[in-house]
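The values are calculated or read from the model by the stated rules, or taken from the named source; none is laboratory data. Computed from a predicted model, the values in this text were never measured in an experiment. Every residue, glycine as well, gets a Cβ built from its backbone with ideal geometry; the counts of neighbours run over all protein chains shown.
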Amino acid sequence: MTNSSEAVPSPCIRNCCLDEWGICAGCQRSLAEICGWSDASDPERLEILARCEERRASGERDKPVYPENGPVSFYARREKTE
């Protein structure tokens with residue numbers, strides 16, 4: 001079933017390649033954001049797009065914590081250490 005919401009189009013540019021943190025090199029979405037896009041409401045999609053723009057502008061990404069046995073969550077953030 002497809003989402004009838006087309007007011008906020010997908011940022012996909014067909015340059016799909018996930019980095020070691022699960023962030024797409026083309027659109028800057030996380031794997032969780034990509035998988036959840038079709039079910040997301042327009043406000044949720046706008047939040048995703050804002051995070052993508054932040055990632056693109058800063059050159060940094062929300063980096064999930066990966067334990068030795070694989071990813072825990074694409075929403076988990078690595079704590080910054082100084």
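If you filter region 16-40 down to residues that are charged (D, E, K, R) and either surrounded by 15 or more Cβ atoms within 10 Å (Cβ to Cβ) or at pLDDT 90 or above (or both), you find that the one that is nearest to Arg51 (Cα to Cα) is Arg29. The C-beta contact set for region 21-36 (first residue free of Cβ contacts under 8 Å to residues at least 24 places away in the same chain, second residue polar (S, T, N, Q) and in a strand (DSSP E or B), distance under 8 angstrom, 6+ apart or interchain) comprises Cys24/Ser30. For region 19-34, a tally of residues being in a helix (DSSP H, G or I) and more than 16 Å from Val8 (Cα to Cα) returns 2.
Report yes if some residue within region 43-64 is touching a Gly at 6+ places or on another chain (Cβ under 6 Å), modelled with pLDDT under 90, loosely packed, with under 11 Cβ neighbours inside 10 Å and part of a loop (DSSP other than H, G, I, E, B); otherwise report no. No, region 43-64 contains no residue that is touching a Gly at 6+ places or on another chain (Cβ under 6 Å), modelled with pLDDT under 90, loosely packed, with under 11 Cβ neighbours inside 10 Å and part of a loop (DSSP other than H, G, I, E, B).
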